[in-house]
Amino acid sequence: MFEEVLFPTDGGEGAEQVLDHVLDLAVAHEATLHVLTAAGPGGDRLTHGDEVAEAVESEAEAIVADVADRAADRGVETVTTVRRGEPYEAIVEYAAETGVDLVVMPTHGRTGIERLVIGSTTERVVRRSNAPVLTVQPDQESDLDYPYERILVPIDGSDCATTALSFGANLAAADDATLNLLSVVDIAHLGLDVRVDLQIDQLKSNAQQFVDDGARVATEAGVDEADITGHVETGTSIHRTICSYVDEHDIDLVVMGTHGRTGLDRYLLGSVTEKILRTASVPVLTVRERQIE
C-alpha cells in the first residue's frame, strides 16, 4: 500500500525514537524511504553568516546520512535530501513534488515535549499536506509494533470521515488487521428538554447507520467481515470517548480525517482530530478529504 514514505527528521530525540517504527513500516511494505532535513534560511535553527549556514547544512547532511545507514542495515532503500527553508514548508513541498504515499513524523521535535502538536512543524504539516500523515508520540509508553493488528476509524457521516474510512479499510486489508468502527453520539449540547431521550434515540440511530454503512465500505475494500467491529457510544466529549475506546480495546492505530462536520474552513485547529493528536496513546494517521477519490 505504501511505496514511497517520507520521514522528515531534525535529528532530535523524538525523531530518533520514531525511526525504528518507520523502518518496520518500510520493510513490511517494501517501500522506499525518503529522508528529509530542512536547514538554512527560514529554518528554525537559522543563524546568519555563510560559515554558520554551511555548518548547519553539514550537520543536516550527517543527520540524513545516519538514517540512511540505519535503513540500509534493514535492507530499506533510501533517498536523502537536505533543503533550505521553513521545515514545514520544505516537508509539504517535498511531499507534493515526489508524490509520497505517507509522511511519518513525531508529534514534537527539538521544540520540546510541552509543544506537542499546537504550533509545531508537525501540526502545520498535518494541516497542509495532501499526503496522509502518520504522527507518533515518541514518549508514549505503549510499544510501537508494525504491522498494526487493530485499527480504529471514528466515523460521523462526514465526507472527510468517509475518506478516512476508505484509507483505514485499505490499510486493514493490506495488514490483515481488525477494523474497529466507532461513532460517538455527542450529548454535551443537549439540554434538559423532555424530548432529549427522543433526540438521543435518533442520534444513536443515525450513528448506527454510519457504522453499518462503514462496514459495507470496509467489506468492499477487502476486509473480512469477521474482522470488522462496529460500536456506537454516547459521551459528553467525543475525543475523550475515542481515547477511552483506544485504551479499552487495545487499539494500535487511529485513522481520522483532518476535519469533520465543522467544515473545511476549520481544518484541524480546535477540532476533535487535533485533540486526538494531542492525547491518543497510539499513532494517529490523518487523511485529507481529497486524498481518496
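The values are calculated or read from the model by the stated rules, or taken from the named source; none is laboratory data. No experiment lies behind these values; they were computed from the predicted model shown. With ideal geometry, Cβ positions are generated from the backbone for all residues, glycine too; neighbour counts draw on all protein chains shown. Heads up: the accessible areas ignore ligands, DNA and RNA and are worked out on the full protein's heavy atoms, side chains in. Shrake-Rupley method; radii C 1.70, N 1.55, O 1.52, S 1.80 Å.
Remarks
- What the phi angles of the stretch 79-91 give under the Karplus curve with 6.51, -1.76 and 1.60, with θ = phi - 60°, is a coupling list of 10, 10, 9, 10, 10, 8, x, 4, x, 5, 5, 4, 5 Hz, glycine and proline written as x.
- Nonlocal amide H pairs with Val35, under 5 Å, H built at 1.01 Å: Phe7, Val79, Thr80, Thr81
- Per-residue 3J(HN,Hα) values for the stretch 21-31, derived from phi via the Karplus relation 6.51 cos²θ - 1.76 cosθ + 1.60 with θ = phi - 60°, read 5, 4, 5, 4, 5, 5, 5, 4, 9, 6, 8 Hz in sequence order (x marks Gly and Pro).
- Counting only heavy atoms of the protein chains and using a 1.4 Å probe, Glu233 has close to 50 Å² of accessible surface.
- Across the stretch 93-106, coupling constants 3J(HN,Hα) worked out from phi with the 6.51/-1.76/1.60 Karplus curve, θ = phi - 60°, read 5, 5, 4, 5, 5, 8, x, 4, 7, 7, 10, 10, 9, x Hz, and Gly and Pro carry x.
- Once backbone amide H atoms are built at 1.01 Å from N, Arg84 has Ala39 as its partners under 5 Å, excluding neighbours fewer than 5 places away on the same chain.
- Sites Leu198 and Asp224, calculated FRET efficiency, Cβ-Cβ separation with R0 30 Å, nearest 0.05: 0.20
- Taking amide hydrogens as placed 1.01 Å from N in the peptide plane, the amide H of Thr229 sits under 5 Å from those of Leu179, Asn180, Leu181, each at least 5 positions away in sequence or on another chain.
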